[in-house]
There are 2 protein chains.
Amino acid sequence: MNTQSCITALVCPKCKKRYDYRELQNLCQCGSPLLAEYDLERAAGMVNPGLLKDRPATLWRYRELLPVLDDRHIVSLGEGWTPLTALPAVAAKYGMGNVYMKDEGLLPTGTFKARGAAVGVSKARELGVRELAMPTNGNAGAAWAAYAARAGIQAHILMPEDAPLITRTEITVAGADLHLVRGLISDCGRLLSRSIPANGWYDVSTLKEPYRIEGKKTMGYEIAEQLHWQLPDLIAYPTGGGVGIIGIYKALRELRRLGWIAGKLPRLVAVQAEGCAPIVEAYRKGAAESAFFPDSKTVAFGINVPKALGDFLILEAIYQTEGCAVAVGDAEIITSLRELASLEGAFVCPEGAAVLAGLKKLRDADWLKAGETAVLLNTGSGLKYPDILHGGP
Amino acid sequence: MNTQSCITALVCPKCKKRYDYRELQNLCQCGSPLLAEYDLERAAGMVNPGLLKDRPATLWRYRELLPVLDDRHIVSLGEGWTPLTALPAVAAKYGMGNVYMKDEGLLPTGTFKARGAAVGVSKARELGVRELAMPTNGNAGAAWAAYAARAGIQAHILMPEDAPLITRTEITVAGADLHLVRGLISDCGRLLSRSIPANGWYDVSTLKEPYRIEGKKTMGYEIAEQLHWQLPDLIAYPTGGGVGIIGIYKALRELRRLGWIAGKLPRLVAVQAEGCAPIVEAYRKGAAESAFFPDSKTVAFGINVPKALGDFLILEAIYQTEGCAVAVGDAEIITSLRELASLEGAFVCPEGAAVLAGLKKLRDADWLKAGETAVLLNTGSGLKYPDILHGGP
């Protein structure tokens, strides 16, 4: 068919096996997530930075670099093109250069999860999915439930019972089927993998379907475009499942091949909580994969992921860009959350606050230099954490 | 000074007295709110719809029609240019034509209050304000606290103790001075008017300072631009203090004089809760002003305003556009809230849901015709009302 999308295949980053994007896919036979591949030469002939200016202020402006073939399948609530807000008071206080916050709290459902859900649900609808299922720490489930409702797809969501309360409301009001589980997201995943085969649901767990990352990568496209294609020195990201950092790295490589950016890529920084820091531990050892982090616990619930399926991709992104991984304590997270609100007017989620705490450590160690430009990813709105200052849900 | 702003004066809509916009002003000596006036011929020479396309996706794209003189005083968190989302499933279910939702839940602080706060705080900073004070039902206080923090202005907020809990967190985390009051927003206002003279705070109560409405009017500009300057048949708005509907009406008149729109203006519809419907009662009588609505109560807390200072301006907007006012019950509000989430994927605030309930009534009565285009204003995110489905805070 005649399509604007330049997708050509799904490719395994481990064993290089290729899969057809016109059929439903999950993991590679070798167990690795699949990544979407595009004909970037064709895309560069169809769109360029000058033409982008006339496109809508949503992630769909990067139409050619997204996997949906037919516009009629796009399920949109106006997601994307979130503000890149300067943080001058924070920068001054800590002797940093230019610090910007990419504020993903202003997306539908209040978190960055809306990007992956918009693209993932659109593609699922295009491929005829009627029911989908996933484990979640709350925010992804809320986003997928909302977009599935808009698409007329039934969603089945498994969530730890101590996930943020607001996400329960979001999931049920959207008409999704919610199961609360006593355990972690990894326990939800295990339960789900047992019930999926019998029910014929499409498994949209993190990185088990290949298109969520395509939505997330648009953060990288937007940061580059909003900075007029002059990249920052580093981009720091709160890292749980890691789809965001993997997506941004994928975006940067695509942008370089498109010829829209040049030179050195920004150093990508994974920020984790001290109570759940498997990527930081792997980074310290120079390892290519992480080990399961036992008894994990942190106030930044969204990054409580003891073992990420895409850990090797996260670590590759860090090593290839000469980035790093840094862990911060819960008290430092709360302090940074208060600072962003009282100095900059931004009430962020604890995961976003963790990134500021991480940047402060990197500045102290002079790993972040005085004159450098840093982009801090805030993955969600503080509105989803009404009790964050009162020590519990 | 050389400025992009085309503001010329503050004018009383009642007695026509003019005031200097280069000094701090509150109400007119006659007790009426003041409205900002612009040199629209000059503005039309500086900007036009074609030039707007290259402007940032924030409300500051309408720079000439905003009152801030010097860009350096702009206090921004990236507010504005919120999505105008189609609601095809709702339209089909109720035999409506095109229905769009202007989704103000995607603004900083999660409500439309951010527009007024961004412009109001920017102008306050420009005029040297160090401390400001206001009564609030919660969301306005949260927005002004956030923008005041970013501006380095101390905010003093008085709020009913049964206002949404999340707004307490927002106000305190931003470093504002919060006072909880046993009573309604009108009681907060009375307390405040006693304490303001002694403290020298700038009173930014609804319509008591003239610039909040300038922020709100950008909703009207955006709706027109997003519909490519082809206006809808009606715009329906949840009406408490009424600044939104007054602002949209002001925007439409300015747009007509700028020459960017032509023809009949959209009918403006004020939607209220049956438990607090002073404007609806006035409209039914054909009155020019409303009477205090006693013992008001509704689940849509943000529109629990028993007597609006700008009631005569709201009613003028309705009468002049051949609009109407309609009241809906709390049960209808909750039903509509569930419908928007489960059919369209949009988790809205009860005030936004009230507007859909109102549109259904108007469609039933054939006041809204089958083929007409309606814009529904959703003033905030459902995320601020985590307990809306459980019958209380």
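Only one entry in B:VAL271, B:VAL299 is touching a strand residue (DSSP E or B) at 6+ places or on another chain (Cβ under 8 Å), part of a loop (DSSP other than H, G, I, E, B) and closer than 24 Å to B:ILE185 by Cα, namely B:VAL299. Answer yes or no: is there a residue in region A:218-241 that is away from chain B (no Cβ under 14 Å), touching a residue at least 24 places away in the same chain (Cβ under 8 Å), among the aromatic types (Phe, Trp, Tyr) and closer than 28 Å to A:PHE293 by Cα. Yes - at least one qualifying residue is present in region A:218-241. Can you run down the residue pairs with Cβ atoms below 6 Å, 6 or more apart or on separate chains, where the first is in region A:4-26 and closer than 28 Å to A:VAL47 by Cβ and free of Cβ contacts under 8 Å to residues at least 12 places away in the same chain and the partner is exposed (fewer than 14 other Cβ atoms within 10 Å of the Cβ) and basic (Lys, Arg)? Partner pairs satisfying both residue conditions: none exist. Only residues that are without any contact (Cβ under 8 Å) to a residue 12 or more places away in the chain and part of a loop (DSSP other than H, G, I, E, B) were counted across region B:365-393, and they come to 5.
Is there a residue in region A:122-131 that is polar (S, T, N, Q) and out of contact with any strand residue (DSSP E or B) (no Cβ under 9 Å at 6 or more places or on another chain)? Checked against the condition, which is being polar (S, T, N, Q) and out of contact with any strand residue (DSSP E or B) (no Cβ under 9 Å at 6 or more places or on another chain), region A:122-131 yields at least one hit. Here A:ASP311, A:ASP387, A:ASP364 are screened, and the one residue that is more than 14 Å from every other protein chain (Cβ to nearest Cβ) and surrounded by fewer than 19 Cβ atoms within 10 Å (Cβ to Cβ) is A:ASP364. Residue under question is B:LEU362, and the condition is that it be in contact with a helix residue (DSSP H, G or I) (Cβ under 6 Å, 6 or more places away or on another chain), assigned to a helix (DSSP H, G or I) and either modelled with pLDDT of 95 or more or within 26 Å of B:PRO83 (Cβ to Cβ) (or both); does it hold? Considered against the rule, which asks whether it is in contact with a helix residue (DSSP H, G or I) (Cβ under 6 Å, 6 or more places away or on another chain), assigned to a helix (DSSP H, G or I) and either modelled with pLDDT of 95 or more or within 26 Å of B:PRO83 (Cβ to Cβ) (or both), B:LEU362 comes out as no.
Entry remark, region B:314-324: residues being in contact (Cβ under 8 Å) with a residue 40 or more places away in the chain and surrounded by 18 or more Cβ atoms within 10 Å (Cβ to Cβ) number 6 in total.
When region A:110-124 is filtered for residues that are more than 14 Å from the chain's Cα centre (by Cα) and either assigned to a strand (DSSP E or B) or of a type outside the set (Gly, Ala, Ser) (or both), the ones remaining, listed by number, are A:VAL121, A:LYS123.
Scanning region A:85-117 for residues that are under 26 Å from A:PRO164 (Cα atoms), in contact with a Lys or Arg (Cβ under 9 Å, 6 or more places away or on another chain) and either modelled with pLDDT under 95 or among the aliphatic types (A, V, I, L, M) (or both) gives A:LEU107, A:ALA117.
With (1) surrounded by 20 or more Cβ atoms within 10 Å (Cβ to Cβ); (2) farther than 29 Å from B:ASP177 by Cβ as the list, and B:VAL121 as the residue in question, which single condition is left unmet? Going through (1) surrounded by 20 or more Cβ atoms within 10 Å (Cβ to Cβ); (2) farther than 29 Å from B:ASP177 by Cβ one by one, B:VAL121 breaks only (2). None of A:GLY95, A:GLY78 is facing chain B (nearest Cβ under 10 Å) and either under 29 Å from A:THR172 (Cα atoms) or surrounded by fewer than 24 Cβ atoms within 10 Å (Cβ to Cβ) (or both) except A:GLY78. Restricted to region B:139-155, and to residues that are more than 9 Å from every other protein chain (Cβ to nearest Cβ) and surrounded by fewer than 24 Cβ atoms within 10 Å (Cβ to Cβ), which residue is farthest from B:ASP71 (Cα to Cα)? For region B:139-155, the residue satisfying everything is B:GLN154. Can you name every residue in region A:37-75 that is more than 14 Å from chain B (Cβ to nearest Cβ), outside any helix (DSSP H, G or I) and free of Cβ contacts under 8 Å to residues at least 24 places away in the same chain? Within region A:37-75, just A:VAL47 meets the criteria. In the set B:GLU332, B:GLU351, B:GLU344, B:GLU372, only one residue is of a type in the set (D, E, K, R), surrounded by 24 or more Cβ atoms within 10 Å (Cβ to Cβ) and either over 22 Å from the mean Cα position of the chain (by Cα) or within 14 Å of another protein chain (Cβ to nearest Cβ) (or both); that residue is B:GLU344. Annotation: of all residues in region A:214-266 being within 19 Å of A:LEU376 (Cα to Cα) and of a type in the set (Val, Ile, Thr), the one that is surrounded by the fewest Cβ atoms within 10 Å (Cβ to Cβ) is A:ILE223.
The values are calculated or read from the model by the stated rules, or taken from the named source; none is laboratory data. Values in this document were obtained by computation on a predicted structure and should not be read as measured data. Note: ideal-geometry Cβ built from the backbone for every residue, glycine included; neighbour counts use all protein chains shown.
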